[in-house]
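The values are calculated or read from the model by the stated rules, or taken from the named source; none is laboratory data. On a predicted model such as this, the values are computed, not experimentally measured, just so you know. When we count neighbours, we look across all protein chains shown, and the Cβ atoms used for this are built from the backbone with ideal geometry, even at glycine.
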Amino acid sequence: MLRTYAAHLMAACLLVLSAQAANADRLVARVSITGQVMHVYHHGQLLYEWPVSTARQGKITPTGAWRPQFLSRHHRSSRYNNAPMPYSVFYSGHYAIHGTNEVTRLGRPASAGCVRLHPDNARKFFDMVRAEGMEQTRVVVVN
């Protein structure tokens, strides 16, 4: 009986701690592949809604949730002809949220898998991640 109670108590504590950790994210970028939009939340409040371009046909933008891995202000693609990727926030391997010079294609699938933003918006997001910290930021990509 005591062991069962202790096990239930431990499970409840883990649930509470998990919920607190999820709520601790100060900055959340939620990317909708279907909507081709990114919502940016700061302390739970929606600050921005920006058009994006995710993977074009034959390519993939992975879905899931990540913390940023590294930032690169003046990144160039080693995979795609040295293409500029300003204000890159890498979140899963070679996948990043970054600026693009193809702003007329925002709002529809056009990338090789990354999440493309208008360079002004990419700079704002990059600066927010730097200010809040990668450990307090979450990138969520949904269909």
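Run down Arg105, Arg130 and say which single residue is basic (Lys, Arg) and more than 19 Å from Tyr80 (Cα to Cα). Walk me through it before giving the result.
Values: Arg105 fails: more than 19 Å from Tyr80 (Cα to Cα).
None of the others qualify; the one that does is Arg130.
Of all residues in the range 101-112, those that are at negative phi and of a type in the set (Val, Ile, Thr) have Cβ atoms under 9 Å from Cβ atoms of residues that are at pLDDT 95 or above and part of a loop (DSSP other than H, G, I, E, B), 6 or more apart or on another chain, in Val103/His118.
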